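See structure below.
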Amino acid sequence: MRILLVEDDPQIGAAIASALEDAGMAADWVTDGSAALASVDSGAFELMLLDIGLPKKDGLSVLKQIRQKRNAIPVIMITARDAVEDRIAGLDLGADDYLVKPFLIDELMARIRAVARRRSGSAQPQLSNGDITIDPASKAATYKNDALELTGKEYRLVHSLLLAPGRIYSREELEEKVYGWDEEVNSNAIEFLIHSLRKKTHKSAIKNVRGLGWMVPKA
Ligand code: CA
């Protein structure tokens, strides 16, 4: 999962960014409201963590503009303890959830998983298709009920594909989901990951659709 983090406090931002990466998510971090709007337009993100008090444009204005543009990206707001009005306004403007500072990273992770689950239209905490199952809470993956050892990038790739079995993802889409902004991406990086995943599972687990991209065939 690729997440856009919008937080101007360097310490809080760094702590969240590193926790997201530890949890196997690709995190891109911006520090003001204008950069948030510019970034979210790329469509590369599956979720946005949005601080309310931000330079240039506050979080509520950012959220309002995003929803006015009919961008439905899931948004979790980060608010101050005493800012009840902000939380109400945010939810009314279309936020999916909020967290009150200071919060535990574990709670943030659980809320991200819950929002992602609701958005994928599934209350099931696990994602599975055919013989492959992953558990976003523990990052555990299984193939034919046997443990499947995945690298962080392999996990992110499988997670993206399993969110929509049968949907074809282009190379650019998969690169955006697997890699952060600051990472160099080799031209054959996605092929390399898919080759490795097929070796760990089965050749037919991920299908190449010539000229278009890859998918997991709907089981
Ligand atoms: Ca702030």
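The values are calculated or read from the model by the stated rules, or taken from the named source; none is laboratory data. The structure displayed is predicted, hence computed values, not measured ones. Neighbour counts run over all protein chains shown; Cβ positions are idealised from the backbone, glycine included. Calculation scope for accessible area: heavy atoms of the full protein, side chains included, ligands and nucleic acids excluded. Shrake-Rupley method; radii C 1.70, N 1.55, O 1.52, S 1.80 Å.
Any idea which of Tyr169, Tyr155, Tyr179 is open to solvent by less than 70 Å² (accessible area, probe 1.4 Å) and within 15 Å of Leu127 (Cα to Cα)? Walk me through how you get there before you give the answer.
On the way: Tyr169 fails: within 15 Å of Leu127 (Cα to Cα); Tyr179 fails: within 15 Å of Leu127 (Cα to Cα).
Answer to the selection: Tyr155.
For segment 53-91, the tally of residues that are within 13 Å of the ligand (Cβ to nearest atom) and within 20 Å of the chain's Cα centre (by Cα) stands at 4.
Checking the conditions here, which among Val30, Val40 is within 16 Å of the ligand (Cβ to nearest atom) and not acidic (Asp, Glu)?
Numbers: Val40 fails: within 16 Å of the ligand (Cβ to nearest atom).
After ruling out the rest, the residue left standing is Val30.
So is Ala19 under 15 Å from the mean Cα position of the chain (by Cα) and away from the ligand (no atom under 15 Å from the Cβ) or not? Judged against the criteria, Ala19 is a match. When Val30, Val6 are screened for being at pLDDT 95 or above and surrounded by fewer than 22 Cβ atoms within 10 Å (Cβ to Cβ), only Val30 passes.
So, Arg2, is that one farther than 25 Å from His159 by Cβ and either free of Cβ contacts under 8 Å to residues at least 40 places away in the same chain or not small (Gly, Ala, Ser) (or both) or not? Judged against the criteria, Arg2 is not a match.
Of all residues in segment 68-86, those that are under 19 Å from Ile112 (Cα atoms) and either of a type in the set (S, T, N, Q) or at pLDDT 90 or above (or both) total 8.
Can you pull out the residues in segment 190-208 that are without any contact (Cβ under 8 Å) to a residue 40 or more places away in the chain and crowded, with 18+ Cβ neighbours inside 10 Å? Even if it seems obvious, please write down each step before you answer.
Kept after step one, since they are without any contact (Cβ under 8 Å) to a residue 40 or more places away in the chain, are these residues of segment 190-208: 190-192, 194-195, 198-199, 203-204, 207-208.
Within segment 190-208, Ile190, Ile194 meet the criteria.
Counting only residues that are at pLDDT 90 or above and within 13 Å of the chain's Cα centre (by Cα), how many does segment 114-138 have?
Going through segment 114-138, the residues at pLDDT 90 or above turn out to be 114-115, 131-134.
If we keep only those that are within 13 Å of the chain's Cα centre (by Cα) as well, we get 114-115.
Count: 2.
Here Gly211 qualifies as part of a loop (DSSP other than H, G, I, E, B), free of Cβ contacts under 8 Å to residues at least 40 places away in the same chain and over 20 Å from Arg2 (Cα atoms).
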